[in-house]
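These notes are about the structure you will find just below.
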Amino acid sequence: MKTSKLYDVIVVGELNVDIILNKMASLPEIGKEKIAEEMSVVLGSSSAILASNLSTLGTKVGFIGKIGNDSFGQLVISSLKSKGVDTSLISVSKHANTGATIVLSFDNDRANVTYPGAMVELTLDDIDEEVLLNARHLHFSSCFLQPGIKKDLVKLFKKAKNLGLTTSLDPQWDPDENWNLDADIYQYIDFFLPNTSELIAITKKETLTEALEAVRTENVIIAKMGTKGSCLYKNGIQEVFPAFLNKHVVDTVGAGDSFNAGLLSKYLEGGTIEESVTFASQVAAISTTGAGGTGAFTDYFSVMELINNKFRQ
């Protein structure tokens, strides 16, 4: 869908690098040392992986976030720029280093340890209303890692809706496991994009169905279920979409963020919700064919070739 807006999507969120350790015999144990056969240092963070892959899919993306004045920050900027993301809105902290996440990847799961760094300094004051006016959609990820802006998240989403943007939120994991998310925000979210564990924790329910029904919203919830697919909840009706499974998984880092990228890409092109979820599942599968959350996304045509030849319906 053609638009005169400068950005199709403004992504607001955390920025860090991922130090990924792969091919481990098991996850670490206290007092013991384990061996990883592979290591890579790549662009990390839910927000940045989504932005990078979304841009590769042909969407015009701008990013608002904060980094440190260090080599990790330079890696973040160069990685986003290489995929066509506008990084001119990213600011540099005078006090903190760029965030970093140690990703311990084992089998089809992972364990993470994150140093938040400069991301905690991002606030609502860092977001210019003129930037929002030049965008069609606002996406926010990882609210629990960003206390500086989490307290004003309702204000941000309300402002975006009042300015005519569509919106999406992927809450991601809460390291403190308090799961305090202001319920007033749901009325301003067009796409709520947690995984099942996050949704159950946020709503304090026991089952996925109870959790979906507990979110008081007329908009769309899409709960990601890993290899089991995803569950679309719209107008009180649940619909499960199967996953597109890759038989030779390189790693699963960023698969959920790639799902989000596929969803927004297709939807902003004019696709239906159902078409967008299906495309999101295909893009998530592609993510697992490369190292790190962005390794599989070299260019638009390569991604579409993989979809047509390997992950077709």
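Details
- Among the residues of region 186-221, those identified as under 16 Å from the mean Cα position of the chain (by Cα), without any contact (Cβ under 8 Å) to a residue 60 or more places away in the chain and within 23 Å of residue 152 (Cα to Cα) are 189, 190, 192, 194, 198, 199, 221.
- Boolean, residue 285 is farther than 25 Å from residue 136 by Cα, in a helix (DSSP H, G or I) and within 20 Å of the chain's Cα centre (by Cα): yes
- Of the criteria (1) part of a strand (DSSP E or B); (2) free of Cβ contacts under 8 Å to residues at least 60 places away in the same chain; (3) out of contact with any Lys or Arg (no Cβ under 9 Å at 6 or more places or on another chain), which one residue 37 fails: (3)
- Selection from region 238-256 of residues that are charged (D, E, K, R) and either surrounded by 14 or more Cβ atoms within 10 Å (Cβ to Cβ) or touching a residue at least 12 places away in the same chain (Cβ under 8 Å) (or both): 239, 251
- Scan of region 82-122 for residues that are farther than 15 Å from residue 292 by Cα and assigned to a strand (DSSP E or B), ordered by number: 86, 91, 92, 99, 113, 114, 115
- Single residue of region 86-117 satisfying the filter (touching a residue at least 40 places away in the same chain (Cβ under 8 Å) and in contact with a helix residue (DSSP H, G or I) (Cβ under 8 Å, 6 or more places away or on another chain)) that is surrounded by the fewest Cβ atoms within 10 Å (Cβ to Cβ): 108
- Within region 287-313, residues that are under 17 Å from residue 59 (Cα atoms) sit with their Cβ atoms under 9 Å from residues that are assigned to a loop (DSSP other than H, G, I, E, B) and among the basic types (Lys, Arg), at 6+ positions apart or across chains, in these pairs: 294/83; 297/83.
- For residue 62, the requirement of being under 18 Å from the mean Cα position of the chain (by Cα), part of a loop (DSSP other than H, G, I, E, B) and of a type outside the set (A, V, I, L, M) is not met.
Coordinate-derived values only; no laboratory data. Just so it is clear, the structure is predicted and the values come from calculations on it, not from any experiment. Reconstructed Cβ throughout: ideal geometry from the backbone, glycine too, with neighbour counts over all protein chains shown.
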